[in-house]
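Bear in mind that the values in this text are calculations on the coordinates, not laboratory data. The structure presented is a predicted model; accordingly, all values stated were derived computationally and were not measured. No Cβ is skipped: glycine too gets one built from the backbone with ideal geometry, and neighbour counts run over all protein chains shown.
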Amino acid sequence: MRNYLLTTAAAAVLLAATGSAQADMAAAEKFLAEEINGVSVLSEDEQKKEMQWFIDAAKPFAGMEIKVVSETIATHEYESKVLAPAFTAITGIKVTHDLIGEGDVVEKLQTQMQSGENIYDAYVNDSDLIGTHWRYQQVRNLTDWMDGEGKDVTLPTLDIEDFIGTSFTTAPDGKLYQLPDQQFANLYWFRYDWFNDEKNKADFKEKYGYDLGVPVNWSAYEDIAEFFTGRDLSHLGVEGKVYGNMDYGKKDPSLGWRYTDAWMSMAGMGDKGEPNGLPVDEWGIRVNENSQPVGSCVARGGATNSPAAVYAVEKAIEWLQKYSPPEAAGMTFGEAGPIPAQGNVAQQMFWYTAFTAATVKPDLPVMNEDGTPKWRMAPSPHGVYWEEGTKIGYQDAGSWTLMKSTPTDRAKAAWLYAQFVVSKTVDVKKSDVGLTFIRESTIDSDHFSERADKLGGLIEFYRSPARVQWSPTGTNVPDYPKLAQLWWQNIGDAMSGAKTAQEALDSLCEAQEKVLARLERAGVQGDLGPKLNEERDAEEWLKEAGAPKAKVENEKPDGETIAYDELIKSWQ
């Protein structure tokens, strides 16, 4: 990326020398010329009109200092280092954009909710908290904000319809609570060159009786993992041991995301329904017809400790132990992410597209000399309990959130910055850096048509109708901060061997229900809060249609694959 370094001090010199309107527009024109440089869906005149609107709308807040926060990923680093100084120079609003860990963002948000103290003027926090925000009503709903208090600072060309993730940030009341800023999916990643090698294809077919290709089900993924682990690929110039799977298993908050980020739905634990299963979602939480959580354990109609959930955890542990680098079990999400790009991993089922930017660097062993990748991404395979119409993967949708505890003038200034970094002027360039798409117009742009062959299937995925089956945590989860921490602590016990998968999930669902019961007693979420079912014999629930689902006798049916090039045609 090219850093835009017109500092506030330089802007002040310009202000003194040339007057505010000229100085602001001079800064805007410098930014458009040197940073955006034509990489936008808007014409030069349209870009200047958007910048002029920001200049005019920001005048009441000139000189104000605001603080916003997000997790540390490439997209937000670009915002913090490049876009925030540009916005400051153009508008006179001084923005500090802090970058911290994802868990720390949730902690700061939770502290602000509990104390009422204005810690940050805006948060980029995951839409996973939509159920929390809707029930607690401590954030400004943006639908009313844009029509009311925030109307004078809402960009006329914001174009909410252009955002691809608003279904994730809209609550059952029909109101938009968060505005997407960056979005990425967990997909299947594999070595396209290894899969197309004639020797590998022939040997795989001889051993397993079907073609080596993109796995459609977990059985095929497991066969491919077994096939490549320890395989001699010296005929392809590969040195060192090769592994058929990559994952992570350290008892750390990121281990919880590994499972709540749709691993259970990929196995088939939840119910059908988009964007999330109803009445049972990918956390195994059941809701009633009023969207009130009624249980997590099978005895109350939940699925967190169901046979499908046990299968999901056992498979992840088995593959981590048998087919992954030994050090993977002690890694966190962030530590494991770069490993496939080092060149000795055949496939990874649970790979975040946020790693794309770091995996297409020219000198990596997974890149060709012409700048195209040796790898591809495709839809993740599904487990034996999965049915058509069930969610098949996760999308992270980090989204701008305005707390009601933030004073109105500060919220307005922060809203201006939020819109600046997602504006049509900026979005294609920002997406070029982080590859975390939020706008249809950006995905469909000529710019990304030209880059598509360098990005391993990312553009094809986001242009396909398939992407709607990937979604963040839904509204069944009534208090994300309280419940999320239970996952890594309990799943960690299964990963370490301290408990069986069944024991760990029994503990997890019981812990979730204790939180639900506390929320019910406290009544803090009113008619939207939990209302736990009476316990029944688990077998009664397992006999009913949908989730929780009874145990399948054969959890490893025949493997099924599809040729990648055929898959891409189906997307088109």
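Details
- Cβ crowding within 10 Å averaged over residues, with 310-316, 360-366, 255-261 ranked highest first: 255-261, 310-316, 360-366
- 0 to 90° range, to nearest 10: angle between helix 501-522 axis and the chain longest Cα axis: 40 degrees
- Between helix 307-323 and the chain: long-axis angle, C-alpha atoms, 0 to 90°, nearest 10: 90 degrees
- For the set Lys81/Lys241; Lys207/Lys543; Lys482/Lys531; Lys48/Lys108; Lys81/Lys424, the pairs lying more than 28 angstrom apart at their alpha carbons are Lys81/Lys241; Lys207/Lys543; Lys48/Lys108.
- Given +1 at the Cβ of Lys and Arg, -1 at the Cβ of Asp and Glu and no other charges, the dipole of the chain around its Cα centre is 840 debye to the nearest 20.
- Helical runs (DSSP H, four residues minimum) scored at -39500 (n - 2.57) apiece and divided by the length of the chain put the mean residue ellipticity at 222 nm at -12000 deg cm²/dmol.
- Shape call, region 303-447: gyration tensor on alpha carbons, a/c limit 1.5: oblate
- Cα lying deepest toward the dipole's positive end in the chain, options Val69, Phe190, Ala202, charges on Cβ: Val69
- Residue among Thr406, Ile443, Val426 farthest towards the positive dipole end of region 400-461, charges placed on Cβ: Thr406
- Going by neighbour counts of Cβ atoms within 10 Å, the residues Ile392, Ile100 line up, fewest first, as Ile100, Ile392.
- DSSP beta bridge pairing in the chain, given as percent antiparallel to the nearest 5: 70 percent
- FRET efficiency for Thr157 and Lys454, using Cβ-Cβ distance with R0 set to 30 Å, rounded to 0.05: 0.55
- Correct option for mean projected area of the Cα convex hull in nm² [calculated from the coordinates] among (1) 33.9; (2) 25.4; (3) 38.1: (2)
- Centroid-to-centroid separation of region 260-285 and region 413-489 [C-alpha atoms, Å]: 21 Å
- Integer Hz, Karplus 6.51/-1.76/1.60 couplings in order for region 108-116, x for Gly and Pro: 5, 4, 4, 5, 5, 5, 7, 9, x
- Look at where the Cα atoms of region 81-138 and of region 223-248 average out, and the two centres are 42 Å apart.
- For Val139, the residues whose amide H sits under 5 Å from its own are Lys404, ignoring neighbours fewer than 5 places away on the same chain, with H placed 1.01 Å from N.
- Here the calculated FRET efficiency for Asp98 and Asp203, from their Cβ-Cβ distance with R0 = 45 Å, stands at 0.30, rounded to the nearest 0.05.
- On Cα atoms only, tilt of 20-31 relative to the major axis of the chain in degrees: 40 degrees
- For region 67-205, the Stokes-Einstein estimate of translational diffusion at 25 °C and a viscosity of 0.890 mPa s comes to 137 µm²/s, using the Kirkwood hydrodynamic radius over alpha-carbon pairs.
- Separation of the Glu540 and Gln110 label points, Cα + 7 Å toward Cβ, nm: 3.4 nm
- Counting only aspartates and glutamates at least 8 places from Lys514 when in the same chain, those with an alpha carbon closer than 13 Å to its own are Asp479, Asp506.
- Counted by neighbouring Cβ atoms within 10 Å, the residues Ile119, Ile438 run from fewest to most as Ile119, Ile438.
- In straight-distance terms, cross-link reach from Lys499 covers every one of the lysines whose alpha-carbon lies under 17 Å from its own, apart from those fewer than eight places away in the same chain; here that gives Lys250, Lys251, Lys315.
- Working from label points 7 Å from Cα in the Cα-to-Cβ sense, the Lys556 to Ala498 distance is 2.9 nm.
- For Met377, Met495, the sequence from fewest to most other C-beta atoms within 10 Å is Met495, Met377.
- Within a straight-line Cα-Cα reach of under 14 Å, Lys199 can be paired with the following aspartates and glutamates, leaving aside sequence neighbours fewer than 8 residues apart in one chain: Asp211, Asp232.
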